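I have placed the structure first, in the form of C-alpha cells, so that the comments after it can refer back to it.
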Amino acid sequence: MVHVKLCELNDVPAGDLKQFNISGIEILVVNLNGRYFCLEARCTHAGAPLAEGELNGEVLTCPWHGSRFNITNGAVLRGPAERPLKVYPNMIIENFIFVEI
C-alpha cells in the first residue's frame, strides 16, 4: 500500500464532507470536529454520491435512498445498502491528508 497526498486540511472544513478523485478512485473525506475520515465516495446500494449526503455526528445518510453509514468504520446502520463502505486509512502530515490506497 502507498500513502498518497489527497488534499489540504482546509479543503474540508469542520462538519463538512468533500469528494476527491485520486488514481481513479473516488474518496470521500469527512471532517468531524477535526477528525478526518476517508471513505468510499459512492453508496454501496445504488452508487449515489455520498458527498451530497447528510452528516449527523458519525452517521452519514445517502441522498438517494436513505441508507445510513457509520463514518468511523463504514458499517451499514440502515439499509437498503447491505455492504459497508470501504474505509481508507489516512494520516496527516503538516497540513495535508495522505490516504493509503
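The values are calculated or read from the model by the stated rules, or taken from the named source; none is laboratory data. Because the structure is predicted, anything quoted here is derived from the model rather than measured. When we count neighbours, we look across all protein chains shown, and the Cβ atoms used for this are built from the backbone with ideal geometry, even at glycine.
Out of curiosity, is F96 within 27 Å of M1 (Cβ to Cβ) and either more than 11 Å from the chain's Cα centre (by Cα) or among the β-branched types (V, I, T) (or both)? For F96, the condition - within 27 Å of M1 (Cβ to Cβ) and either more than 11 Å from the chain's Cα centre (by Cα) or among the β-branched types (V, I, T) (or both) - is met.
If you take the residues of region 54-75 that are of a type in the set (A, V, I, L, M, F, W, C) and buried (at least 18 other Cβ atoms within 10 Å of the Cβ), which of them is nearest to the chain's Cα centre (by Cα)? Only one residue fits best here, namely I71.
One residue stands out in region 50-84 among those that are touching a residue at least 24 places away in the same chain (Cβ under 8 Å) and touching a Cys at 6+ places or on another chain (Cβ under 8 Å): the one that is nearest to F20 (Cα to Cα), namely L50. For region 7-20, the set of residues classified as under 12 Å from the mean Cα position of the chain (by Cα) and part of a strand (DSSP E or B) consists of L17, K18, Q19, F20, listed by residue number. In region 1-27, the residues that are closer than 16 Å to E100 by Cβ reach residues that are at pLDDT 95 or above and part of a loop (DSSP other than H, G, I, E, B) with C-beta atoms within less than 6 angstrom, at least six apart or across chains, in these pairs: E26/A41; I27/A41. The condition (being loosely packed, with under 14 Cβ neighbours inside 10 Å and among the hydrophobic types (A, V, I, L, M, F, W, C)) is satisfied by just one residue among A51, A14, A81: A14.
Reported count of residues in region 29-42, each being surrounded by 15 or more Cβ atoms within 10 Å (Cβ to Cβ) and either more than 16 Å from V59 (Cα to Cα) or without any contact (Cβ under 8 Å) to a residue 40 or more places away in the chain (or both), is 4.
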